[in-house]
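I have placed the structure first, in the form of structure tokens, so that the comments after it can refer back to it.
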Amino acid sequence: MRRLHNGFILLGIASLCLSGCAKKFRPAISASGVYHKLTHVSPENYLSDTDQGVATGTLVEALASEPLTLQTPERTPWLITPDEAIQIAVERSKILQDLGGSTLRATNGINSLHDPALQATDPRLGIESALAAFDAQFNSRLSVNKNDLPLNNRLIGGGTNLLQQDLINYQNELVKTTAYGTDLYARKNTSYDANNAPSNLFPSVWQTNIEVGFRHPLARGGGLEYNRIAGPKATPGTYNGILIARVSSDSAILDYEMAIRDLVSDVENAYWDLYFAYRNLEAKIAARDEALNTWRVEKTYRDQQAGSSDKEARAREQYYRFEAQVLEALTGREVDGTRTNNGSSGGTFRGIEGVHTAERRLRLLMNLPINDNRILKPAHDPILVQVLFDWGQLVQESLRLRPELRKQDLQISRSRLEYLASRNALKPQLDLVSQYRLRGFGDDLWSKSQAEFDNAVASMTSGQFQEWQFGVEMNLPVGFRRAYNNLKNAQLKLAKEQELLNAKEKRVVHDLSNAYASAIRSFAVAQTTFNQRVAAHEQLAILKNLEENNNQVNVNEVLDAQSRVSQSDTAFYDALVRYMISLKNIHYEKGTLLEYNNIVFADGIRTSRSSTPRLMVAANAPTGSALPDTRIPSKDTPFANESIMAEPIDNLQPMVPEQEIPARESELSPPALPMP
């Protein structure tokens, strides 16, 4: 073992320089506008933000103020518009809250701001993961062996029956798979062998070689299209190429777009729920105050022996009934309010009472502290004119812009790609293989001596020992059973996705038809309930006028008129809110809700379907560039009373003075009169 003390010298020569397929990662969602830039939080920050499992910020926020109840003091009103509510919700919501409580029940299905980036950076299914399959790989191997081998045949042992050997093998390798499925490699192999065989030329010897080669698939697994779809060396039925990963990434972006759309829709639903709750509370307070006045009058008549006890009891019962309704209208009950997919895609108005409950629901969606020293109060009233839509253009826009249909187009594209990849498996495995090698042999690995076989590296670089190999390898499954089964499965998946697209297109038109009809119906009902409201107020005013002029009036008629006024007020505001939600639902159904609220995504993200939808309307549809803005009405259609309609909505009660909405129980509930 000569000069082993010199150590094992690692040598490399200029290897084949191969660069990996890589690209700069770009976030799917723009950081400009109303979106926050995506930041990654370190584990230390997660630990520092918690205290014994309770989030510090949430704990401080929850302890800052008590919830709104009948016993809480008056709080400062915070006048807010729908645009402000939506802007705050989108800016503050990294986890997109919903009104169904799924945040606590099913955390795996919760949408968040991070979802597109999570999909893009998925280590198994992301785009970067698919590109990494084509990256160059550097491998290095070193093994040291001490062999002490008894042999039965001296020829095998080089002249000895007891072979003692020191063996070292070292290899460096650079391999890469190209986009066409070709495997390229370059290797540097070095070995040191010192043994006691008498027939050896040298007691110890160095051997080194450089080899380069490739394996190119001519049939199965080859080609640019297949490798972009399935990835290199993919198993039939399991594809994760660049194109498949891109489809998954685009689908994640569309899922996030739909989640943002649902959040915006729910914020607007909650806003109008709160508006209705305030208006309903006003109606209940006015009715209660009227009932209180009637009770006082009837009690006075009874005390003066001019009235009967049953009339006083009837008036008292109505007062306490209205007082209970006021309490319910102020606080509310924990029932399901207006939200997406509760009857219609955009949300069907439920008309739930309760200012406090509706206010907390809106705060939850806006990601505000659930309780603080302010109380949200809507600053905008519903529009009082009819908005006319063109049905043909509505259908065309809905079939072109709905994210559900755009996502289904992506699923069809994925199924088509998988079908193309599955056809590749019907080809035999036919590979072209080639290899070239330069060998070196010497007593030393490296020395200044130029004698033959004294320097292994010099022996290799001299080119004296060259080898090459060229050939073809083939593998042919008899019958292609798995390949044909995989192809049939891909065909069935593609057929299912295409039929599903047809079903979704019909469902979109169905839901759009409901929203379109609902908007027309809601406006007509609002007109009718407005006239009902005017008539109810007139009837009550006439009865009060007769009573003030000392004319005999049946108290039951007065109490009934008070109930009718309260019911007509609530019905009118109910119809107005339904009309506003119907207009919002039209934008929801036709896929323009985010655009209508000035929420846009980053450039380069497709926001419409590239192909023309197959389900279209009549050819005589107008060719306008855009529908009129629902907040800038296209046609002014007043209600029955034009003189009253010209006034703001707060003045639609000409015969009953408007009251300020009180917040304290003492103002809401006047003390009851002493029992007679």
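The values are calculated or read from the model by the stated rules, or taken from the named source; none is laboratory data. The structure displayed is predicted, hence computed values, not measured ones. Cβ sites come from the backbone with ideal geometry, for glycine too, and all protein chains shown count toward neighbours. We work out accessible area using only protein heavy atoms, side chains counted, and drop any ligands, DNA or RNA first. Shrake-Rupley method; radii C 1.70, N 1.55, O 1.52, S 1.80 Å.
So here's what we get for this one:
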item: In Å², nearest 10: area of Lys496 left accessible to a 1.4 Å probe; result: 140 Å²
item: Cα gyration tensor, the stretch 468-509 - rounded (a/c under 1.5), prolate or oblate; result: oblate
item: With every protein chain in place, the stretch 402-472: carbon and sulfur % of accessible area (1.4 Å); result: 54 percent
item: Listed residues Phe480, Phe465 arranged by accessible area, highest first, probe 1.4 Å; result: Phe465, Phe480
item: Order by protection proxy (mean Cβ within 10 Å, highest first), peptides 545-556, 585-596; result: 585-596, 545-556
item: Whole-Å distance, taken between Cα centres, linking the stretch 174-244 and the stretch 115-173; result: 12 Å
item: Sequence of Val212, Val267 from largest to smallest accessible area, 1.4 Å probe; result: Val212, Val267
item: Estimated inter-spin distance, Asn161 and Glu91, nm [label 7 Å along Cα→Cβ]; result: 9.4 nm
item: Highest to lowest packing among 517-528, 150-161, scored as the average C-beta count within 10 Å; result: 517-528, 150-161
item: Mean Cβ count within 10 Å, highest first, over the residues of peptides 506-512, 85-91; result: 85-91, 506-512
item: Student exercise, the stretch 332-438 dipole from Lys, Arg, Asp, Glu Cβ charges, in Debye to nearest 20; result: 460 debye
item: Cα centroid of the stretch 474-507 to Cα centroid of the stretch 542-604, whole Å; result: 53 Å
